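The values are calculated or read from the model by the stated rules, or taken from the named source; none is laboratory data. This structure is a prediction, so every number in the text was calculated from the model and none was measured. Here the Cβ is made from the backbone with ideal geometry for all residues, glycine too, and neighbour counts use every protein chain on show.
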Amino acid sequence: MQLAKFLSLAVVAIAPALAVSTTDALLYSLDLYRGTFIHSDGDASCITTPEGIIHSVELAPGMTCNLYFQPSCGGDPFPLKLDSPSLVRDIGSAALSARCRK
């Protein structure tokens with residue numbers, strides 16, 4: 001009985017984490033999907049990490065994030081359609097803000 005209860009609690013705890021990663025864009029403050037992150041549900045609002053810099057982006061299938069190199073989504077956007085474990089390596093610079101769309 002204890003094992004069944006433990007397993008059901010484990011599923012309840014893990015399922016929401018898996019749902020976030022498959023439906024949202026995750027924007028991380030460090031390379032290789034590390035550090036603090038913020039998620040976007042694709043509503044195109046302007047977002048950034050708590051540190052104010054985006055170093056890696058993990059996208060759900062079908063999502064695009066426009067990255068900006070100025071705060072508050074200012075300046076010209078750079079469209080990102082694939083995951084990037086290191087924006088510095090992939091596009092030459094970290095981003096300061098982003099707008100993600102489904």
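Brief remarks on what is shown
Per-residue answers, yes or no, for (1) surrounded by fewer than 19 Cβ atoms within 10 Å (Cβ to Cβ); (2) among the polar types (S, T, N, Q):
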| position | (1), (2) |
| --- | --- |
| Arg34 | yes, no |
| Ile38 | yes, no |
| Thr49 | no, yes |
| Met63 | no, no |
| Asp76 | yes, no |
| Asp83 | yes, no |
| Lys102 | yes, no |
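- The stretch 54-82, residues that are aliphatic (A, V, I, L, M) and in contact with a strand residue (DSSP E or B) (Cβ under 6 Å, 6 or more places away or on another chain): Ile54, Val57, Leu59, Met63, Leu67, Leu80
- Unique match (being of a type in the set (Asp, Glu), over 18 Å from Arg34 (Cβ atoms) and out of contact with any Pro (no Cβ under 9 Å at 6 or more places or on another chain)) among Asp83, Asp76, Asp90: Asp76
- Listing of strands (runs of 3 or more DSSP E) fully contained in the chain that carry 2 or more residues being on the phi > 0 side of the Ramachandran plot, at pLDDT below 85 and not polar (S, T, N, Q): none
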